[in-house]
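Beneath this line is the structure, given in structure tokens, with notes to follow.
The values are calculated or read from the model by the stated rules, or taken from the named source; none is laboratory data. Everything quoted here is computed from the prediction, not taken from an experiment. Here Cβ is always computed from backbone atoms with ideal geometry, including for glycine, and neighbour counts include all displayed protein chains. Protein only, heavy atoms only, side chains kept; ligands, DNA and RNA dropped before computing areas. Shrake-Rupley method; radii C 1.70, N 1.55, O 1.52, S 1.80 Å.
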Protein chains: 2
Amino acid sequence: MKRRRAGYPINAESLLPMKEMTIRKYPAFLPLAALCALSVFAQETQMTKHNLMPIPASVRFNPGRLAIAASFAVTAPGHNDARLQSAIDRAVRRLEARTGIAFARGLESDPAKAALLIQCQGPGRSVPSLDEDESYSLEVTNSQARLSAATVVGALRGLETFLQLLGSDKDGYFIPAVSIQDKPRFPWRGLLIDIGRHWQPMEVIKRNLDGMAAVKINVLHLHITEDQGFRIESKKYPKLHQMGSDGNYYTQAEMREIIEYARMRGIRVVPEFDMPGHTTSWFVGHPELASKPGPYEIERRWGIMEPVMDPSNEQLYKVLDGFLGEMAALFPDAYLHIGGDEVEGKHWKENPKIQAFIQAKDLKDNHGLQAYFNQRLSQILKKHGKKMIGWDEVLHPDLPKDIVVQSWRGPQSLAEGAKKGYRGILSNGYYIDLIQPAWQHYLNDPIPENTTLSAEEQKLILGGEATMWSEWVSPETIDSRIWPRTAAIAERFWLSREVKDVDDMYRRLAVVSVQLEDVGLLHEKNPPVMMRRLLGELATREEAVESLKALIEVVEPVKGYKRGTMQNATQFTPLTRLADIARPDSPAGRKFAAAIDQFLYQDLPRSRELAREGKTTWRPDFTPMLFCAKWLNAGTQLDRLAVNVPSLSESALWAGDLMALGKIGDEALKYLMNDQSPQGEWRAAKLAQLEEIAKPKAAVEMVVVQPIKELVIAAAEQEKRKTMSAEEWKKHIKTLAAPKKPVN
Amino acid sequence: MKRRRAGYPINAESLLPMKEMTIRKYPAFLPLAALCALSVFAQETQMTKHNLMPIPASVRFNPGRLAIAASFAVTAPGHNDARLQSAIDRAVRRLEARTGIAFARGLESDPAKAALLIQCQGPGRSVPSLDEDESYSLEVTNSQARLSAATVVGALRGLETFLQLLGSDKDGYFIPAVSIQDKPRFPWRGLLIDIGRHWQPMEVIKRNLDGMAAVKINVLHLHITEDQGFRIESKKYPKLHQMGSDGNYYTQAEMREIIEYARMRGIRVVPEFDMPGHTTSWFVGHPELASKPGPYEIERRWGIMEPVMDPSNEQLYKVLDGFLGEMAALFPDAYLHIGGDEVEGKHWKENPKIQAFIQAKDLKDNHGLQAYFNQRLSQILKKHGKKMIGWDEVLHPDLPKDIVVQSWRGPQSLAEGAKKGYRGILSNGYYIDLIQPAWQHYLNDPIPENTTLSAEEQKLILGGEATMWSEWVSPETIDSRIWPRTAAIAERFWLSREVKDVDDMYRRLAVVSVQLEDVGLLHEKNPPVMMRRLLGELATREEAVESLKALIEVVEPVKGYKRGTMQNATQFTPLTRLADIARPDSPAGRKFAAAIDQFLYQDLPRSRELAREGKTTWRPDFTPMLFCAKWLNAGTQLDRLAVNVPSLSESALWAGDLMALGKIGDEALKYLMNDQSPQGEWRAAKLAQLEEIAKPKAAVEMVVVQPIKELVIAAAEQEKRKTMSAEEWKKHIKTLAAPKKPVN
């Protein structure tokens, strides 16, 4: 690496304002702004911390490093096959893209010359399965990295770890010397993608499979049928997909392509056909299967719908036998998901024939009827060689013990199942469509600390699944809902619940998020495009782009199911609005909150010490001020710009708030830095204003209200600071600023 | 649109520094910075100018507008078919994405209720062809838009115009009232994509077809075979693709998918099989077709290679008859491109059998041999019902007059062909791989003003093609080389050469560039991703991202064939470097140059008048100062940051230059604004420094050297300004600053 500096005498002095210039003629802020930005670089990058996610079960860093240079080559003297070889090729291509170095194609035949030696004992299962051995070990020394695994899938997991270890310094790229023994805590680590409500084409599934493989998720749960769409070709009952999908379905050949793509990455594909509810789209072509006469249309609205299969109709089981037989042949996984959730039973109650059937069969009630239906399903699945999995509601004493229960209700419901001998996986707490921050998912555990399960019962908890329900995601936005948060969930499934350092998780997550772009994920890439689309012609003006960006950085989509109550939407509503561009878990929000913490509870107390030492000036981190200036500026601009652009009207709703936040923060900072106390009603007025700003608008909410609230209270409580220790001060302000009711 | 402002009293005063704060305690630059950014908004958006590209042949705006609201619907009472219907559906989806409004699905049956009425007379050709009628008219009034066309393809062209007309103001979205009659100037408006050198998968081709359709390009010329790859499945000679492609080829089914995708958009697909040179990849599986004994390997280097087919081998024609017969059946277009360029003939000279053949057939020389080969090819093509097209070199008196000549040599070569009666298309001047600015392509005309062709001969010039040769493009970067510049070329092919307002072209191009993202093009989207990849861990730090961005904005890849002389590369070299992220035709460069023009030749002269009027202060546009501060800052940061990141080493080469540019610009601006003259060697020293900075490094070049040079010279010539008129001053500085030799 050549670095040319000669000829350009740059020194700190040259950055200062030229003394002979008057401020009237030449604004002094430019060099100051330059200095200010430089001050941010006081914190140096810490290259010593690793960026592994999930963290391996056992990892020990040693002195030394394996250089990654143009001579890098791979050898695989043990078992090798098409699956391993193509994983090696992909890994080397990713390494090339990240380093910009072209490496040799193909394998190195001389093991001594290879930087990476892969010793794989055998192929493992030809189709990834629940009992796959995913363990591997990775020993990196100055001369070689040795990756050992019992199976190809284990080797694949190790390759991803190898890629995450890549580091660099002035001497070039390297893998640090390390000794890793790794295997997952849970065997079922899944991501559910709902392709029923909003269709997700092949490329969405493929790039997400690559993302899953990168963080060692091993199950793709495809939610294939819903009220809003029947997304798989049935050769036996073609009216199902032809009339139930708007043409948006996978042919069986395409689905085979997905399954193979997943298999190549060591990922199972578990299909879900949600029954007997969530089935409106089935009835468009086959109204005779419903509990109420047709005709039916594909559902376009969201919610829990009434249409439901008629379990008293013997013809239903004939169709299901045919259809599930087809699907059993198509999907190689041992498990098939029958859904079973949210059956309201209204149409059952309204249908005398069904009520008579319940009586005749002594099924007691709707729950009994659904259990009967599930038993019939379970026999059909057994006939076709599949094990059954379903949501909480399938739990019923009459069902065989080999079913797996997926819990949307919670760890307690899951534990109850386990006590009855059922195996289960947890999804409650991993609903990524609800826009919670990653730390909440990260601290949610399939087997919580306070579990009442015995060690033996705990073995029945197989793992968990993040769920990407798709009411509010399009192919354009889905990646930004799945990633990077799902990487934190993947770590939770892989690793002991003892590891729960949220700050370190977020630090690694930011790095992993960038790496996930290498496999084609669009979570970072699409929001700017969507902003430009909102801006239209204004997108050609940098200041317009910057001000919209400043807003979008500090808002998040509303949480939980709030969006549905704020915006009327159907399957056809374009998902191109402010709430679609805003992302969960705002990094800018975390950064600002951390900067305020630093300012209020470290810099400010420290300033007293400085004063005591006779140093009258102190120099805080400029971050809070820069943020406030940015918001004031951005809000002012948005307010002007949005006038002529209807698609900016939602953003314009926030313009005044953004200005106000900048102004309130700015005022509070000035009071604090100048050691002045605000007069009169200032505190009450500002807090009232903040309370207004905290209310969601346009289905997004502002994430920096709380730290600004702390600033305001701290400014008003200035005098008390002088009588308090740093800890007392922090506790005092945090208590006064605490939200009245818990957030979320 | 609701706009909430109440409760947030923001006025201009509140943006000013609080007077009671001292500068020591609270830096004053923040509110100043805010003010400064606001000043940019003095220029208001001009919504009155249209953003059409290509500009229609005849367009007249009228008073009034058609509102685009939720009630928007389309009707098509004339001819309708799957092609038109799916184009309508796509157009409505794009309109939805841009407005955020959900429109009705399907057609409106009552023509009176439809905002857009499409009157199409008939289907036109089932496969797009050279004589397709692409004309349409579009009449928009307050109540309806009426699009009329003789063919579906004409209607498709009109739909794109309709989308480009979308405007907005405080009352919402609308299409301005307008009367358009439109048809293309040339019938052959093409884009060549070379899939031989760097493989381009299906999604690249598809999204580019959508981009082409958006700017009314009607030919996709696929350069399918090259020394570096044979990219189409041959069922008759499977060794061709199996051994010549690394597995990167289109199956015939996939190619049919591309052709159909293109047909749906009114785009022809013309396949090129480059022969007899550029054929190394053929010989890997079929060495017997070559002029020199094998074995052959797929070529990995770039350049003109020696391997060439043996025209004296009768077996060759048997294979070509078989292969071209297959291809003729696969590609429905009337034309088939046989390449024919860059035959060196070295292997012909070295082969006594071939030399004997030349003598026996009285072919004189290699050129005669190639003409013989082309004649044989022409017979084969005739047999399979195809017309032949080839590069300049195919021109030979023995060839039939119905061939089309594609000129890489230039308009003169093209004109020579026309004078001999050959039809032709121009590609010289449209080589988008050479990284020239859009205006150069835009002002290049297939029939230049000074043409010597008669009106009759001019009719033989069918149009032109932009050529995306792929030595230096990957699927990740190709869009940024094709777009947006190709939109300017598309306009050149569509429109009279009289329309050549470069400034207006760039204004519209910026808007179209953003719109092209709507069809999935990645020219704006990918560079930030590639920057983050270079930055690695640093990508999580905003200041690192911003400083790399500041560099990349003001560099362009080196022009012409210079990159090959600066960087050693093969087909395997990762295209992830600085030169791959940098883009042609830097908008920031244009913006800075315009700002310096404004400052030096308008604001500065105007300041004298102000002084004369007794106004001692003047307030220039801050843009030049902000740029300089940004570069100084970014250079300083890059210099620090790059130390530990090898992939930033190329960027680090520019860090000192960036600092120096910022500093030189800053100094010159200060001299000029304070009416001071630099002392001693300043001018000479700075000009020498700029000359160094102007030299390319890391295969990119700096675009802002010239305006900074003008600043330096203007600062040094200060005194003379006082004796000159504004025009004299401008001429004086421009003359002194003129580059010694023309750029490019």
Q) Of the numbered conditions (1) surrounded by 18 or more Cβ atoms within 10 Å (Cβ to Cβ); (2) within 14 Å of chain B (Cβ to nearest Cβ); (3) at pLDDT 95 or above, A:Gln85 satisfies every one except a single condition; which is it? A) (1)
(Q) Being under 21 Å from B:Ala595 (Cα atoms), touching a residue at least 12 places away in the same chain (Cβ under 8 Å) and at the interface with chain A (Cβ under 9 Å from one of its Cβ atoms) is true for just one of B:Glu710, B:Glu717, B:Glu667, B:Glu701. Which residue is that? (A) B:Glu667
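If I go through the range B:230-243 residue by residue, how many of them are part of a loop (DSSP other than H, G, I, E, B) and surrounded by 15 or more Cβ atoms within 10 Å (Cβ to Cβ)? So that I can check it myself, show each step before the final result.
Step one: list which residues in the range B:230-243 are part of a loop (DSSP other than H, G, I, E, B), which gives B:231, B:233-238.
Applying the additional criterion that residues be surrounded by 15 or more Cβ atoms within 10 Å (Cβ to Cβ) yields B:231, B:233-234, B:237.
Number satisfying all stated conditions: 4.
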Q) Which one of A:Ala634, A:Ala611 is open to solvent by 30 Å² or more (accessible area, probe 1.4 Å) and either at the interface with chain B (Cβ under 10 Å from one of its Cβ atoms) or out of contact with any Asp or Glu (no Cβ under 7 Å at 6 or more places or on another chain) (or both)? A) A:Ala611
Q | From B:Thr75, B:Thr99, residue being within 14 Å of chain A (Cβ to nearest Cβ), over 28 Å from B:Lys387 (Cβ atoms), in contact with a Pro (Cβ under 8 Å, 6 or more places away or on another chain) and buried (at least 18 other Cβ atoms within 10 Å of the Cβ) | A | B:Thr99
Q. When you scan the range A:287-298, how many residues do you find that are part of a loop (DSSP other than H, G, I, E, B) and crowded, with 23+ Cβ neighbours inside 10 Å?
A. 1
Q: Name the residue, out of B:Asp246, B:Asp227, B:Asp274, that is surrounded by fewer than 23 Cβ atoms within 10 Å (Cβ to Cβ) and either within 25 Å of B:Gly303 (Cβ to Cβ) or at pLDDT below 95 (or both).
A: B:Asp246
Q. Considering only residues of the range A:134-171 that are charged (D, E, K, R) and touching a strand residue (DSSP E or B) at 6+ places or on another chain (Cβ under 8 Å), which is surrounded by the most Cβ atoms within 10 Å (Cβ to Cβ)?
A. A:Arg157
Q: Can you tell me which residue among A:Asp597, A:Asp580 is part of a helix (DSSP H, G or I), crowded, with 20+ Cβ neighbours inside 10 Å and at pLDDT 95 or above?
A: A:Asp580
Q) Can we say A:Pro646 is more than 10 Å from every other protein chain (Cβ to nearest Cβ) and out of contact with any Pro (no Cβ under 9 Å at 6 or more places or on another chain)? A) no
Q: Filter the range B:409-433 down to residues that are closer than 28 Å to B:His198 by Cα, of a type in the set (Gly, Ala, Ser) and free of Cβ contacts under 8 Å to residues at least 40 places away in the same chain, then give me how many there are.
A: 3
Q. Based on what the data block shows, is B:Arg409 under 23 Å from the mean Cα position of the chain (by Cα) and more than 29 Å from B:Ala510 (Cα to Cα)?
A. yes
Q | Positions within the range A:637-669 being assigned to a helix (DSSP H, G or I) and either open to solvent by 20 Å² or more (accessible area, probe 1.4 Å) or of a type in the set (S, T, N, Q) (or both), in sequence order | A | A:Gln637, A:Arg640, A:Val643, A:Asn644, A:Pro646, A:Ser647, A:Ser649, A:Glu650, A:Ser651, A:Lys663, A:Asp666, A:Glu667
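Within the range A:120-127, is there a residue that is open to solvent by 30 Å² or more (accessible area, probe 1.4 Å), touching a strand residue (DSSP E or B) at 6+ places or on another chain (Cβ under 6 Å) and either of a type outside the set (Phe, Trp, Tyr) or in contact (Cβ under 8 Å) with a residue 60 or more places away in the chain (or both)? Please lay out each step first, then the result.
Filtering the range A:120-127 for residues open to solvent by 30 Å² or more (accessible area, probe 1.4 Å) gives A:121, A:123-127.
Now restrict to residues that are touching a strand residue (DSSP E or B) at 6+ places or on another chain (Cβ under 6 Å): none.
Within the range A:120-127, none of the residues are open to solvent by 30 Å² or more (accessible area, probe 1.4 Å), touching a strand residue (DSSP E or B) at 6+ places or on another chain (Cβ under 6 Å) and either of a type outside the set (Phe, Trp, Tyr) or in contact (Cβ under 8 Å) with a residue 60 or more places away in the chain (or both).
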Q.
Looking at the range A:384-395, can you tell me whether even one residue there is out of contact with any Gly (no Cβ under 7 Å at 6 or more places or on another chain), among the acidic types (Asp, Glu) and closer than 28 Å to A:Asp333 by Cα?
A. yes
**Q.** Looking only at the range B:148-183, and only at residues there that are within 19 Å of B:Met53 (Cβ to Cβ) and at pLDDT below 95, the one that is farthest from the other protein chains (Cβ to nearest Cβ)
**A.** B:Gly167
Q. Can you tell me which residues in the range A:708-728 are modelled with pLDDT of 95 or more and open to solvent by less than 10 Å² (accessible area, probe 1.4 Å)?
A. A:Ile708, A:Leu711, A:Val712, A:Ile713, A:Ala714, A:Ala715
Q: With a cut-off of at least 2 residues that are surrounded by fewer than 24 Cβ atoms within 10 Å (Cβ to Cβ) and in contact with a strand residue (DSSP E or B) (Cβ under 9 Å, 6 or more places away or on another chain), name the helices (runs of 4 or more DSSP H) lying wholly within the range B:404-494.
A: B:411-419
Q.
I want to confirm something. Restricting to the range B:362-403 and keeping residues that are of a type in the set (Asp, Glu), touching a residue at least 12 places away in the same chain (Cβ under 8 Å) and part of a loop (DSSP other than H, G, I, E, B), which single residue is nearest to B:Ala415 (Cα to Cα)?
A. B:Asp402
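I'm trying to understand the selection: among the residues of the range A:680-701, which are part of a strand (DSSP E or B) and touching a Pro at 6+ places or on another chain (Cβ under 7 Å)? Break it down into steps so the answer makes sense when it comes.
Pass one, the range A:680-701, residues part of a strand (DSSP E or B): A:697, A:700-701.
The one that is part of a strand (DSSP E or B) and touching a Pro at 6+ places or on another chain (Cβ under 7 Å): A:Val700.
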Q) Where residues in the range B:686-698 are more than 10 Å from chain A (Cβ to nearest Cβ) and within 16 Å of B:Ile713 (Cβ to Cβ), which of them is surrounded by the most Cβ atoms within 10 Å (Cβ to Cβ)? A) B:Lys686
Q: Hey, could you check the range B:670-679 for residues that are at the interface with chain A (Cβ under 8 Å from one of its Cβ atoms) and either in contact (Cβ under 8 Å) with a residue 12 or more places away in the chain or assigned to a helix (DSSP H, G or I) (or both) and say which is nearest to B:Pro605 (Cα to Cα)?
A: B:Met673
Q) Given (1) in a strand (DSSP E or B); (2) farther than 19 Å from A:Leu534 by Cα; (3) within 14 Å of another protein chain (Cβ to nearest Cβ), where does B:His198 come up short, assuming only one miss? A) (1)
Q.
For the range B:495-523, give me the residue count where each residue is within 15 Å of the chain's Cα centre (by Cα), within 30 Å of A:Thr477 (Cβ to Cβ) and open to solvent by 20 Å² or more (accessible area, probe 1.4 Å).
A. 3
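So that you can scan it fast, the table gives a plain yes or no per residue for (1) touching a residue at least 40 places away in the same chain (Cβ under 8 Å); (2) among the hydroxyl-bearing types (Ser, Thr, Tyr); (3) under 21 Å from A:Arg541 (Cα atoms):
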residue: A:Arg577; (1), (2), (3): yes, no, yes
residue: A:Arg583; (1), (2), (3): yes, no, no
residue: A:Leu641; (1), (2), (3): yes, no, yes
residue: A:Val645; (1), (2), (3): yes, no, yes
residue: A:Lys663; (1), (2), (3): no, no, no
Q: With the condition kept exactly as written, say whether any residue in the range A:547-568 is modelled with pLDDT of 95 or more, in a loop (DSSP other than H, G, I, E, B), within 12 Å of another protein chain (Cβ to nearest Cβ) and crowded, with 22+ Cβ neighbours inside 10 Å.
A: no
